[in-house]
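The values are calculated or read from the model by the stated rules, or taken from the named source; none is laboratory data. All values reported here derive from a predicted model rather than from experimental measurement. Cβ sites come from the backbone with ideal geometry, for glycine too, and all protein chains shown count toward neighbours. Calculation scope for accessible area: heavy atoms of the full protein, side chains included, ligands and nucleic acids excluded. Shrake-Rupley method; radii C 1.70, N 1.55, O 1.52, S 1.80 Å.
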Amino acid sequence: MTFDRGTHPAAVRPIVVVGFVLASLTSLTDIHPDDSVIIVEEPDVIRKRHVHAKVAGATVVRELIEWEFHLAGKADEFYHTHRDLDPAAIVPLTEYATPFAARLAERYNLPGAGYAAAQILRDKALLRQVSRAAGIANPDMARVESAADVHAFMRAGTGSIVLKPANRQASVGAMVIHDPAEIDQAWADCIVQDEGVFVPDRPMELRMLAERFVSGSQHSVEMLVQGGAALFTNVTGTQLFPGPIPTELTHCIPADIPPELAELLGEQTRKVVDAVGFHDGIVHCEWIVSDGVPYLVECAGRFAGDGVIEMIERAYPVELVRAYYSVLKGERLSMKLPKHAKRASAMRFLMIEPGIVEDVRGVEDAAKAEGVFMCDVGIKPGDRFDGLRSSWDRVGDVMVNGDTPAEALRLAEAAIGLIQVDLRPLAADQEVSASP
């Protein structure tokens, strides 16, 4: 089933966007002409997220194609079904879209990550295998199929470990384990990997990893790549929520670190790009720096989430999204991409305890606070919050601009502190529900 506006100017070659991201409609409209974008998304996701209704008013969208692109062979099937499409670019916007988009770009002879590179980046175990061979530091890792395998891995070394899927996103199914007594429950919790409206209803293959925990500072590198060479590099500083779920609490752009460390992180990311054979697009590589050594966490061949790209565009400033589309069109960039940020941007997520929401206050005050350019809170009275299990469970955030990274983080903390959430503990709610 498709949503099609009708006839289109023959001269306008469409941009095929794989994966629906609501926030992208603004940038797509700003950059591309009307009726020039085709969105490809899984039928279940379109239904659950009401995508037809959300794109109906977007003049830039030419067509919405329902396609089971997570499945093997679907890019080649799409190519043969739409062989005369003549797209100008194939653009992955979501994690699970990257292999399909890379293969489809190959079939249409367009720039892209390269199918082999996209497959490696989508499998955290393969990425460790390949990047380690290229001389990039990685924590020790083993594929595990049961809690018993996790026990064996933990016994074979010392210290804490991380249990996580090899093929998921957004910290889904990931947990830090400090004590062997935690393993059985952690395994039971981590193999429940429900991403709700963001994935198809059919099950995904369960592929789990156990890794040695690396303690250190958290960073990510966002790198625009053309022909395997870096055109633009940003280093983001990140802090995680306290607790066993490795989910981001703050982002700061640029990272408030010495120039030498920023250069080292960029150099290591270039090594990852070379190791996997990534050709054209953008990568988002996550690192933990321990005793001066960057250890690779993971690397994705698509835009960073959490508003990182918008913050990059504001902090430098730079039209990174426009440059990304130009790269995937095979165009020579006419714009000059900056090497250093002129200002800073930061994001701080809202942190609350589990419970039933009784009241939410201060959102308007936070939105008007110094430096704030975005404030979003997704909870309301009556909602139930069961605790943080993945990035999808975060309930609100603010984004700010500042003159320096330290100021941006301070302003973000001040703004988020204005938001107050009253909660009724879950235990009390359960007792009330159980009463006659």
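Only a single item in (1) in contact (Cβ under 8 Å) with a residue 60 or more places away in the chain; (2) in a loop (DSSP other than H, G, I, E, B); (3) open to solvent by less than 50 Å² (accessible area, probe 1.4 Å) is not met by Arg168, and it is number (1).
Based on what the data block shows, is Tyr108 at pLDDT 95 or above, among the aromatic types (Phe, Trp, Tyr) and out of contact with any helix residue (DSSP H, G or I) (no Cβ under 6 Å at 6 or more places or on another chain)? Working first, answer last.
Working: at pLDDT 95 or above: yes; among the aromatic types (Phe, Trp, Tyr): yes; out of contact with any helix residue (DSSP H, G or I) (no Cβ under 6 Å at 6 or more places or on another chain): yes.
So Tyr108 passes the test.
Among residues of segment 211-261 being free of Cβ contacts under 8 Å to residues at least 60 places away in the same chain and open to solvent by less than 30 Å² (accessible area, probe 1.4 Å), the one that is farthest from Gly396 (Cα to Cα) is Val235. Somewhere in segment 171-183, is a residue over 26 Å from the mean Cα position of the chain (by Cα), of a type in the set (Asp, Glu), farther than 20 Å from Leu121 by Cα and open to solvent by 20 Å² or more (accessible area, probe 1.4 Å)? Within segment 171-183 (the criterion being over 26 Å from the mean Cα position of the chain (by Cα), of a type in the set (Asp, Glu), farther than 20 Å from Leu121 by Cα and open to solvent by 20 Å² or more (accessible area, probe 1.4 Å)), the answer is yes, since at least one residue qualifies.
Within segment 288-307, the residues that satisfy the criterion of being assigned to a strand (DSSP E or B), out of contact with any helix residue (DSSP H, G or I) (no Cβ under 8 Å at 6 or more places or on another chain) and open to solvent by less than 40 Å² (accessible area, probe 1.4 Å) are Ile288, Ser290, Val297.
The single condition among (1) open to solvent by 20 Å² or more (accessible area, probe 1.4 Å); (2) part of a loop (DSSP other than H, G, I, E, B); (3) modelled with pLDDT of 95 or more that Asp194 does not satisfy is (3). Taken over segment 64-101, the criterion of being under 18 Å from the mean Cα position of the chain (by Cα) and open to solvent by 50 Å² or more (accessible area, probe 1.4 Å) is satisfied by His70 alone. Residues in segment 142-158 that are open to solvent by 50 Å² or more (accessible area, probe 1.4 Å) and more than 28 Å from the chain's Cα centre (by Cα) were compared, and the one that is modelled with the lowest pLDDT is Thr158.
Selection of segment 266-287 for residues being touching a His at 6+ places or on another chain (Cβ under 8 Å) and surrounded by fewer than 23 Cβ atoms within 10 Å (Cβ to Cβ) yields only Glu286. The residues of segment 224-266 that are in contact with a Ser or Thr (Cβ under 8 Å, 6 or more places away or on another chain), of a type in the set (S, T, N, Q) and assigned to a strand (DSSP E or B), listed by number, are Thr233, Thr236, Thr238, Gln239, Thr250.
Given the criterion under 19 Å from the mean Cα position of the chain (by Cα) and not basic (Lys, Arg), identify the matching residue among Gly228, Gly237.
Gly237
Do we find a residue being under 26 Å from Pro242 (Cβ atoms) and open to solvent by less than 20 Å² (accessible area, probe 1.4 Å) anywhere in segment 320-342?
We begin by selecting, within segment 320-342, every residue under 26 Å from Pro242 (Cβ atoms); these are none.
The answer is no, given that none of the residues of segment 320-342 is under 26 Å from Pro242 (Cβ atoms) and open to solvent by less than 20 Å² (accessible area, probe 1.4 Å).
Considering only residues in segment 365-423 that are open to solvent by 40 Å² or more (accessible area, probe 1.4 Å) and among the small types (Gly, Ala, Ser), the one that is nearest to Met351 (Cα to Cα) turns out to be Gly417. Go through the residues of segment 308-318 one by one and say whether even a single one is surrounded by fewer than 20 Cβ atoms within 10 Å (Cβ to Cβ), among the aliphatic types (A, V, I, L, M) and over 22 Å from Ser171 (Cβ atoms). No, segment 308-318 contains no residue that is surrounded by fewer than 20 Cβ atoms within 10 Å (Cβ to Cβ), among the aliphatic types (A, V, I, L, M) and over 22 Å from Ser171 (Cβ atoms). Leu388 meets all of the listed conditions (1) touching a residue at least 12 places away in the same chain (Cβ under 8 Å); (2) more than 25 Å from Thr94 (Cβ to Cβ) but one, namely (2).
With touching a Lys or Arg at 6+ places or on another chain (Cβ under 6 Å) and modelled with pLDDT of 95 or more as the only criterion, which of Ala315, Ala346 stands out? Outline the logic, then answer.
On the way: Ala346 fails: touching a Lys or Arg at 6+ places or on another chain (Cβ under 6 Å).
Answer to the check: Ala315.
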